[in-house]
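Structure first, then comments.
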Amino acid sequence: MAESVAKHNRDAIPLYVSAPRRDLEAFHAQFPSNLATLICEEDIFDGQNGISLGDLYGLPGSEQQQIIKSEFWRLNLCENYLVLDSDCVFIRDFYKSDFLANGNIPYSVIHEGRSFLQPVARFGPKRARSDFLKDRRAVMKVIEREGLVYDFGYAPFIWSRRVWEDLTVKFLQPRGMTFLDAVKQCPSELTWYGESLLKFRSIPIWPREELFRHYHYEHQYWVDRKLGYTVDILKQDYLGIVFQSNWQTWEDFGRPTKSLLSRFVRAAKRILKRIRFELSLLRG
């Protein structure tokens with residue numbers, strides 16, 4: 001991820017990587033100072049947000065990272081920020097204008113999730129659509145919005161501190177809540193951001209679709225390969241590609257019927273193919 005940013009970052013937008021204090025030394029060993037600025041994630045929680053580190057680290061890792069990146073705005077390092085997950089890879093040059101619509105107003109990623117819902121309707125997993133709707137409708141109910149179910153992702157996200165601040169001041173604080181409480185209630189940080197944007201209109205809405213081609217499941221990747229979608233084609237419309245790091249296609253269609261050895265060999269071949277393709281992206 002960081003190397004692809006360095007390669008394609010034409011406006012020299014600063015890259016920050018957060019890590020727990022106990023891991024900073026290991027991160028420093030891997031990240032040259034010209035590649036990223038390392039910050040201690042504990043510094044994000046300085047008492048202003050009412051979240052204790054004990055409560056934070058008592059949550060599952062998936063919920064911890066939602067809170068950490070959503071509270072990044074409190075460091076006052078920027079007005080708007082692009083949130084990259086570790087499996088995001090840029091495939092073409094990018095500029096501030098890819099993320100800012102008018103002056104300092106960021107684009108808002110807002111769509112109906114069809115690029116996700118259609119493939120899972122065909123290939124599975126069967127629970128994906130219901131999980132998608134459940135997560136988003138839960139926040140809609142709390143925010144008290146009716147109507148279409150929108151999707152506000154996936155990574156990378158373009159976020160404005162003004163949206164997070166309005167959610168905090170106008171919604172969470174009057175209810176005696178922190179963002180940690182919000183995530184415990186409805187664990188979908190992108191939906192909290194998007195629904196807050198629609199409710200409070202903290203910034204003008206300049207809509208954009210997903211910035212990256214996102215392969216949530218492995219079958220999406222192989223369908224694209226079969227149809228001949230190369231990196232050169234994808235980068236006409238996408239800034240990058242995300243290969244989900246938790247691909248588990250063998251669970252998509254029910255219990256496996258092949259032997260453990262057969263499944264292991266199949267998984268090993270799949271991993272090697274993915275590594276070769278990702279290396280070709282980085283070299284290209």
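The values are calculated or read from the model by the stated rules, or taken from the named source; none is laboratory data. Nothing here was measured: the structure is a model prediction, and the numbers come from that model. Every residue, glycine among them, receives a Cβ derived from its backbone with ideal geometry; neighbour counts consider all protein chains shown.
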Restricting segment 59-100 to residues that are modelled with pLDDT of 95 or more and small (Gly, Ala, Ser), which is nearest to PHE157 (Cα to Cα)? SER70
Determine, yes or no, whether TYR16 is at pLDDT 95 or above, surrounded by 15 or more Cβ atoms within 10 Å (Cβ to Cβ) and touching a strand residue (DSSP E or B) at 6+ places or on another chain (Cβ under 8 Å). no
Going through segment 184-242 in order, the residues found to be under 26 Å from LYS96 (Cβ atoms) and among the aromatic types (Phe, Trp, Tyr) are TRP192, TYR193, PHE200, TRP206, PHE212, TYR238
Which residue, of SER86, SER33, is assigned to a loop (DSSP other than H, G, I, E, B), free of Cβ contacts under 8 Å to residues at least 40 places away in the same chain and of a type in the set (S, T, N, Q)? SER33
Subset of segment 165-174, residues crowded, with 21+ Cβ neighbours inside 10 Å and touching a residue at least 40 places away in the same chain (Cβ under 8 Å), comes to THR168
Between a first residue in segment 117-133 that is within 17 Å of TYR221 (Cα to Cα) and a second residue that is among the polar types (S, T, N, Q) and surrounded by 12 or more Cβ atoms within 10 Å (Cβ to Cβ), which pairs have beta carbons less than 6 Å apart while being 6 or more apart in sequence or on different chains? PRO119/GLN220
Hits in segment 143-169 - residues which are in contact with a Phe, Trp or Tyr (Cβ under 6 Å, 6 or more places away or on another chain) and basic (Lys, Arg): ARG161
Of the residues in segment 175-194 that are of a type in the set (S, T, N, Q) and assigned to a helix (DSSP H, G or I), the one that is surrounded by the fewest Cβ atoms within 10 Å (Cβ to Cβ) is GLN185
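Of all residues in segment 138-155, how many are among the hydrophobic types (A, V, I, L, M, F, W, C) and part of a helix (DSSP H, G or I)?
Residues of segment 138-155 that are among the hydrophobic types (A, V, I, L, M, F, W, C), as a first pass: 138-140, 142-143, 148-149, 152, 155.
Next, from what is left, pick out any that are part of a helix (DSSP H, G or I): 138-140, 142-143.
Number satisfying all stated conditions: 5.
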Qualifying position, being in a loop (DSSP other than H, G, I, E, B) and of a type in the set (A, V, I, L, M), among ILE203, ILE158: ILE203
